[in-house]
1. Could you check what % of the DSSP bridge pairs in the range 29-133 are antiparallel, to the nearest 5?
2. Would you work out the relative contact order for the range 88-133, in percent, from Cα pairs under 8 angstrom that are 6 or more residues apart?
3. Given charges of +1 on the Cβ of Lys and Arg and -1 on the Cβ of Asp and Glu, with all other atoms neutral, how large is the dipole of the range 88-133 about its Cα centre, in debye to the nearest 20?
4. Quick check: the distance between the Cα centres of the range 102-133 and the range 72-92, to the nearest angstrom?
Amino acid sequence: MGGRYPHMLLILLLLHGANAALDEPVQKWQTLDGSPPLVIARGGFSGLFPESSLYAYQFAMSNGLPDVVLHCDLQLSSDGKGFCRSGLRLDKSTLIAEVFPKRDKTYKLGTEDIHGWFAVDFTAAELVNNVTG
């Protein structure tokens, strides 16, 4: 058997292992009540797309489990519209400094002065229509 068909033993072992795997009973999830775990996608599918981007959320929803939960850092625009974006400063993750070069501000956060472009200084329409990231 080994001379004419050198891979036959390997194929037989693989088939035997596959057959044995099919015979084993299906186990319940190892959660407290045996139900499937809850999957929370922070920032969407951020391992493949930029965190909190539209593509990351769309991909997580279309390719995730049926009960996937999306978690995001919520920011508000000046007109009170909410959107997902990680980090306080928009200039760290968008092109806002190029689009609105003179609309940067400085805010006091605790004892520090934080300088940059912030969501609360722009309307939702300004951000959606002009800023990519």
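1. Close to 75 percent.
2. 48 percent
3. Charge dipole of the range 88-133: 40 debye, to the nearest 20.
4. 9 Å
Where a number appears in this text, it was derived from the coordinates with a stated rule and is not lab data. All values derive from a computational prediction rather than experimental measurement. All Cβ positions, even for glycine, are placed from backbone atoms using ideal geometry, and neighbour counts span all protein chains on display.
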